Amino acid sequence: MSIIRKNIIANFIGYGWAGGMNLLFVPLYLHFLGVEAYGLIGIFALLQSMVSLLDFGLSATVNRELAQLSAAEDGERDMGDLLSTLEIVYWMVAVCIGALLALIAPLITRYWIHPVSISPSNVTRALMLMGGSMALQWPVSFYSGAMMGLQKQVRLNVINIGISTLRTGGTVLALWWIAPTVQVFFTWQIVVSAIHSLWISRSLWSCIPTVAQPKGLRFHVRVFSRIWRFAIGMSAISLTVVILTQEDKFILSKWLSLESFGYYMLASTIAVALNSVILPVTIAIYPKLNQFVASGNEKELRSFYHQSCQTMAVLIMPIAFTIVFFSWDMIVLWLGDTTIADRVCQVASVMVLGTALNGMFTLPYNLQLAHGWTRLCLSMNVIFIILLCPLLILLASWKGPLGGAIVWLALNAGYIAVGIPLMHRKLLSNEMKSWYISDFLIPTSVAAAVNGFGKFLLPKGGPWLIQGGYILVVFVVGMGLTALSTPFFLEKAKRLAGLER
């Protein structure tokens, strides 16, 4: 089995497990804490995204650098120097994150959040605990990026499965045995974050050859002379990405009650679950793209690029359109509450479609990064911020949560409509038509048509098991037909059937 296939399978298991655990335990979080406290958990996720700006593009940089150094004959020593230097930087930033959030927690409580049943003092204490958890969790992005670049993704996913199980299962046990409060919730996050950082750090250094491991942590200024250009470009992109992906939550968390924001975060949780499919493919393919670019083999790069994009379409579009057309039914099956389904289903459908489009742009975006080209995506993000921020404020004030979802969909439609043509003018020229038709439009149309027809034939009422089984059948048929609509999977199917050699 090739290392890419092995990594994709490992990533699917790891991210699928983590995403499944999160979805499985959301009803229990709601049971123990209520919707308003779940809105506070949404604030936690928003703050994590905001402090991700302090990454300065270094996690993506270390991924790219290690992928290229691993293909070089004399890259081992540089690996150790790179990791040692950036590890020091990350832990210094982690300390700053914890201290800063502890200081500003009272201000956030007073001027931003609008709790009703949770007291302001409890909200402030919860925010301080969030700061401790985020500080301990912060270096994990660096360690994960390094292990991805080294293509040690099987080992990384073993860690992720263990931590996600400990985080979700342990949280529920803590809420049950100790007390159903947000303080207990976030205290457990601190414990798990500490375990996560220690475990993944030891695992990463065990992957580095002994000759490359420095004796103690050392800071090497020369490391930055090699990586600073790409890191600055990634840092600027990260800034714009956080603004574009989190501005809806920032604005809505300010304007909506904590309970209404909790409903919006439930819809966001459903959309984010699609990343359990997107990220495994992206993470496995990115190091290989770097190696093809470093070797200069454009013919194999073209073939690999289209195969990867078609794989992404086959994996995410059937899931996305199943959720889009059956969102109300699936939420009722998930949470058993028609009131929540009424409040969440429309917003979730729009957000899922936007996330699916975002997933289709990830591999073209990674191709740009493999070439060290950050200017295009950064320019697009700046333009989209200028155009979409006023639109978000207008639609959020008019449509509330649905307005935020519409802007998310418009943003990602813009990437597909504008970003793909601009990218293919410079990289893999003459491949744009093939991407739009074979990699995107045909599989997307087939997935939409199958699920739309399935929704039309959906039997009304009946036991939940019958409803769930019917939706599952529609999804399986949609995925099968979507796969057969792509050249890559059609050729594989013909070979399996003995029609071609």
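First compute the accessible area of the chain with a 1.4 Å probe, then give the percent of it belonging to carbon and sulfur atoms. Please report the intermediate quantities before stating the final value.
Values: 14890 of 21860 Å².
That fraction is 68 percent.
Here are some pairs, K288/K426; K6/K299; K433/K494; K455/K494; K249/K426; K6/K492; which of them have Cα atoms lying more than 26 Å apart in this structure? Numbers along the way, then the final one.
Details: K288/K426 20 Å; K6/K299 23 Å; K433/K494 24 Å; K455/K494 30 Å; K249/K426 35 Å; K6/K492 18 Å.
Correct reply: K455/K494; K249/K426.
Taking 0.36 nm per residue of separation and subtracting the Cα-Cα distance, what length does fully extending Q346 through R155 add? The partial results should precede the final answer.
On the way: separation 191, 0.36 × 191 = 68.76 nm, distance 3.84 nm.
Between Q346 and R155, full extension yields 64.9 nm more.
Indicate the gyration tensor shape class of segment 314-413 (rounded, prolate or oblate), computed on the Cα atoms with a ≥ b ≥ c the square roots of the eigenvalues: a/c under 1.5 is rounded; otherwise a/b larger than b/c is prolate and the rest oblate.
Values: a/c = 4.01, a/b = 1.48, b/c = 2.71.
In terms of gyration-tensor shape, oblate.
Using a probe radius of 1.4 Å on heavy atoms only, what accessible surface per residue do you get for the chain? Whole Å² is fine. Write out the running numbers ahead of the final one.
Numbers: 21860 Å² over 501 residues.
Accessible area per residue, the chain: 44 Å².
Tell me the net charge near V293. Cut-off is 14 Å between Cβ atoms, V293 excluded, with +1 for each Lys or Arg and -1 for each Asp or Glu. Working shown, then result.
Working: positive: R64, K288, K299, R302, K426; negative: E65, E298, E300.
Surrounding charge for V293 is +2.
Among residues other than A126 whose Cβ falls under 15 Å from its Cβ, what is the net charge (Lys/Arg +1, Asp/Glu -1)? It would help to have the intermediate numbers written out before the result.
On the way: positive: R110, R125; negative: E36.
Once positives and negatives cancel, what remains is +1.
Between Y436 and S119, what is the FRET efficiency for a Förster distance of 60 Å, r being their Cβ-Cβ separation, to the nearest 0.05?
E(calc), rounded to 0.05, equals 0.65.
Show that you can apply the helix-only estimate: for the chain, add -39,500 (n - 2.57) for every DSSP H stretch of four or more residues, divide by all residues, and state [θ] at 222 nm to the nearest 500.
Working: 19 runs with 408 residues, N = 501.
Calculated at 222 nm, the ellipticity per residue is -28500 deg cm²/dmol.
Given the C-alpha centroids of segment 239-283 and segment 433-494, what is the distance between them in whole angstrom?
What the calculation gives is 26 Å, centre to centre.
What net charge is computed for the residues neighbouring N160, neighbours being all others with C-beta under 13 Å from the C-beta of N160, Lys and Arg scored +1, Asp and Glu -1? Mind showing how you got there, number by number?
Values: positive: K152, R155, R167; negative: none.
Value of the local net charge: +3.
Relative contact order for the chain using alpha-carbon pairs under 8 Å, separation at least 6, rounded to a whole percent? Intermediate results must be reported in sequence, preceding the final value.
Values: 649 pairs, mean separation 101.2, N = 501.
Normalised by residue count, the contact order of the chain is 20 percent.
Mind running the shape call on segment 364-501? Use the C-alpha gyration tensor, a ≥ b ≥ c as the square roots of the eigenvalues: rounded below 1.5 for a/c, prolate if a/b tops b/c, oblate otherwise.
Details: a/c = 3.29, a/b = 1.16, b/c = 2.83.
Oblate is the answer for segment 364-501, as a/c is 1.5 or above yet b/c matches or exceeds a/b.
If a/c stays under 1.5 just call it rounded; otherwise compare a/b with b/c (prolate if a/b is bigger, oblate if not). Do that for segment 358-400, with a ≥ b ≥ c from the square roots of the Cα gyration tensor eigenvalues. Can you show the working numbers first?
Numbers: a/c = 6.55, a/b = 2.27, b/c = 2.88.
Note, shape of segment 358-400 comes out oblate.
What is the calculated FRET efficiency for L481 to K399, with r their C-beta to C-beta distance and R₀ = 35 Å, to the nearest 0.05? Could you put the intermediate results ahead of the total?
On the way: r = 34 Å, r/R0 = 0.98.
Calculated transfer efficiency: 0.55.
Measure off 7 Å from each Cα along the Cα-to-Cβ vector at L422 and S257, then give the distance between these two points in nanometres to one decimal.
Rounded to a tenth, the inter-label distance reads 4.2 nm.
The values are calculated or read from the model by the stated rules, or taken from the named source; none is laboratory data. Predicted model only: the values in this text are computed from it and were never measured. Neighbour counts are summed over all protein chains in view; Cβ atoms, including those assigned to glycine, are modelled from backbone coordinates with ideal geometry. Accessible surface is based on the protein model in full, side chains and every heavy atom, while ligands, DNA and RNA are left aside. Shrake-Rupley method; radii C 1.70, N 1.55, O 1.52, S 1.80 Å.
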